Structure formats: C-alpha cells, structure tokens
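Take a look at the structure set out below.
The values are calculated or read from the model by the stated rules, or taken from the named source; none is laboratory data. Predicted, not measured: the structure shown is a model, and the values here were computed from it. No Cβ is skipped: glycine too gets one built from the backbone with ideal geometry, and neighbour counts run over all protein chains shown. To get the accessible areas, we keep the full protein, side chains included, count just its heavy atoms, and leave off ligands, DNA and RNA. Shrake-Rupley method; radii C 1.70, N 1.55, O 1.52, S 1.80 Å.
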Amino acid sequence: MAIADALVVSPGDLLKDDDDRPSTSPVVRRDERHIIEDPLCRREYLMHLDDPYLEVAELFVAPGGQSRPALAKHLGRDYGVVIEGEVVVEFSHGTETLGPGDYIAFDSGDPHRIVNASDRPARVLWIVVLAGGERRVGPRGRRGGGD
C-alpha cells in the first residue's frame, strides 16, 4: 500500500503484467482474485483489475493492523461494510468505530485509514467508486484509485 500511495496508483495496477488484456468474462472466481499479502491487512480484489469505475476488495485486518501506515486520500468515494470483527476508520478530524453489519460512506478526498485496534481479526468489504470513472495516473498512463 505504501508503494502504491507513493506512486499515486491503485494497488491493483502494481499487480498487472504489461500483457494484461481487458477481461473477457464478467465473472471473477474466488481462486482468480488478485491478492496483496500483508501481515497487517491482506487485500483480495474481487473485481477485474481493468475496471475503470470501481475497486472492490475484501480486507482481512489483523489485530493491531491497519490499511496503511498513515492517513491518506485519493480520488472517488469509499464505502465499507464490516463483515466480522471491529475496525476504526480514522480521519484527520476524528474516528468512527464499526462492528459487524455497520456501514460507512465518505468522500475519498478526506484523509483516512482503517485500523483494527481489537485483539481479534476483522473482515471488511471495501468499495471505492472512482471519480467519474477515472483512475489516478499510473505507470502506464492509466488512472488509479484504491484504498
């Protein structure tokens, strides 16, 4: 995540090969997910990485883990639903604590990150709707969002 933030690209853009072609099937099977292994916050992307409008990820946040080391902002709008456990969404102006079934939505330009301050793992469905279907400029001229 830190590398993606520094390069101002989507984490999915870092996983792509130069030979990636647009998806041919509308379906992404569980075993086809693009995964970012991180002991603090594992990310499994549920969508095709070439989707220009949306990023959908299942986050597995370890006890004491976080989505990124510091607050950060990006283009678009974030939506999240806690499936298991408890997380705190930190903002520059305060925090929101979310438990199972709780939902949050906010402008991605508001600096934020997700933290698991509990002693149990948390699982969160996280969706980023990219502003106007445009990603931030990435290494191949694509636009990229992402949390």
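Tabulated data
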item	result
Phe60, Phe91, ranked by accessible area, largest first (probe 1.4 Å)	Phe60, Phe91
Sum of side-chain charges, Glu86 neighbourhood, beta-carbon under 14 Å (Lys, Arg +1; Asp, Glu -1)	-3
Length released on extending from Arg77 to Glu96, taking residue separation times 0.36 nm less the Cα-Cα span	5.2 nm
Nearest-0.05 FRET efficiency for Glu86 and Arg33, computed from C-beta distance (R0 30 Å)	0.80
Accessible area, probe 1.4 Å, largest first, for residues Ser108, Ser92, Ser118	Ser92, Ser118, Ser108
Measure of compaction for segment 25-112 (Cα Rg per 2.2 N^0.38 Å)	1.13
